[in-house]
Amino acid sequence: DFPWLKIFKQWPFQGASDEPARDVTGGQWVTCDPQQAQQLSGVGFFFARALQQSLPAGTPIALINTQMGGTYAECWIDRGTLENTPSSKPFLDKAAKEVQAGGSDPKGYWGENNFRRPSALFNGKVAPLQPMAARGVIWYQGEGNTQRWLAAGYAGTLTALINSWRAG
C-alpha cells in the first residue's frame, strides 16, 4: 500500500500510429495498493520506490507504464532519428518491403494493426508524453532485438532510442 505512487497503465495493443499523436490512447491512473498490485509492473514498482527514496520525504511519484510486448526497439524511435541510425537500416529495409500503409499483416510479423512497424509506438505512446517532465526512464525489453540480423547493431539502436526520447 503506497499512496505516494500513482501509476498510469496504458492499454497494450492500442496507440500505434503513423504520425506523432497529441494524446495517449486508452489507459487509467491507479494508486499502488493491494487491489492493484498484481496488475502493476514489478520492475516499474522497484524503480519508483528507489526514485522516491532519493527524493525528499513525501514526494509523490507518477509512473507511466506504456508497454507493448513482442516489439522491437525500432518501433519506439522517432522516424527521423531512425532513418539516421545505421544500425536500424536492416529493420527499415525489411519494413519497406513488407509493410504497406493501411494494409493488414496476414502473417502476423508486424502485429495487429502493424504495431511493430518502424516508429509506430513512438508516435502513439511516446510522442504524446514528451511535453511532460520526467525524472527518470527505464527501458525493459525482451527478445525483440535478439535476432541475428538486429542484435549486432543493438548498442547503436538503443543509443538512438534514448536520444529520440530526450529530443522531445
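Readers should treat all values here as calculations from the given coordinates under stated rules, not as data from a laboratory. Remember, it's a predicted structure, so these values are computed and weren't measured experimentally. As a convention, Cβ positions derive from the backbone with ideal geometry for all residues, glycine included, and neighbour counts pool all protein chains shown.
Long hydrophobic helices in the chain: the complete DSSP H runs spanning 15 Å or more by Cα along their own axis with mean Kyte-Doolittle hydropathy of at least 0.5 are 42-53. Spin-label model, D18/A155: points 7 Å from Cα along the beta carbon direction are separated by 3.7 nm. In a simple Cβ point-charge model (Lys, Arg +1; Asp, Glu -1; nothing else charged), region 25-132 has a dipole of about 120 debye relative to its Cα centre. In this structure the amide hydrogen of L63, modeled in the peptide plane, comes within under 5 Å of the amide hydrogens of K6, I7, F8, none closer than 5 places in sequence on its chain. When only alpha carbons of region 59-168 are considered, Rg and Dmax amount to 14.1, 49 Å.
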